[in-house]
Amino acid sequence: TMKTFSMFAAGVLLAGAAMAQPATGGFTGAQATARGGFNGPSTIVTAEHAKTLRDDTPVTLRGTIERHTGGENYVFKDASGTVDVEIDDRHWQGQTVSPQDTVEISGEVDHQRHRNTVEIDVKRLRKL
């Protein structure tokens with residue numbers, strides 16, 4: 001019947017649309033919602049050292065993303081401690097990252113003077 005054919009056609013269209021969605025990646029810990037360039041410096045600094053550097057200093061850190069704190073903000077952790085990081089959706093580049101995954105992030109030190117804190121503005125994230 002025409003009704004059966006219409007329902008079948010709608011189902012095929014919906015299935016095709018679902019399969020056409022691109023893999024976007026992102027953080028898979030608590031409150032995970034995000035996605036995943038910049039070739040930065042090759043010298044690795046620690047989270048604690050990065051917090052002492054001047055505003056806009058290029059940095060590369062290696063560690064884990066511990067948790068999502070809202071929007072594009074996360075807590076990054078290495079052996080020295082933690083630092084807040086901001087990761088724009090486009091910098092996930094399809095990578096899915098959990099707190100158990102080691103990552104290398106490159107970006108710039110960003111002094112948040114209105115909050116008297118320091119964060120890293122991530123320009124590149126690579127799951128190791």
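Readers should treat all values here as calculations from the given coordinates under stated rules, not as data from a laboratory. Only a predicted model underlies this, so the values are computations on that prediction, with no experimental measurement involved. Every residue, glycine as well, gets a Cβ built from its backbone with ideal geometry; the counts of neighbours run over all protein chains shown.
Subtracting the Cα-Cα distance from 0.36 nm times the residue separation, let me have the gained length for Ser80 to Arg115 in nm, one decimal. Don't skip to the answer; put the middle values down first.
Working: separation 35, 0.36 × 35 = 12.60 nm, distance 2.22 nm.
Using 0.36 nm per residue and subtracting the Cα-Cα distance, I get 10.4 nm.
Could you pull out every residue, at least 5 positions away or on a different chain, whose amide H is within less than 5 Å of the one on Thr57? Hs are placed 1.01 Å off N in the peptide plane, and Pro or chain starts have none.
Hits under the 5 Å cutoff: Val109.
Where Lys and Arg each count +1 and Asp and Glu each count -1, what net charge lies around Glu72 among other residues with Cβ under 9 Å from its Cβ? Before the final figure, lay out each step's value.
Numbers: positive: none; negative: Glu86, Asp88, Asp89.
Charge balance in the 9 Å sphere: -3.
Report the calculated FRET efficiency for Asp89 and Leu128 (r = Cβ-Cβ distance, R0 = 22 Å), to the nearest 0.05.
Efficiency computed from Cβ-Cβ geometry: 0.60.
Using the Karplus curve 6.51 cos²θ - 1.76 cosθ + 1.60 with θ = phi - 60°, work out ³J(HN,Hα) for each residue of the range 72-86 in order, rounded to whole Hz, and write x for Gly and Pro.
After applying 6.51 cos²θ - 1.76 cosθ + 1.60, I find 9, 9, 9, 10, 9, 9, 9, 4, 7, x, 10, 8, 6, 10, 10 Hz.
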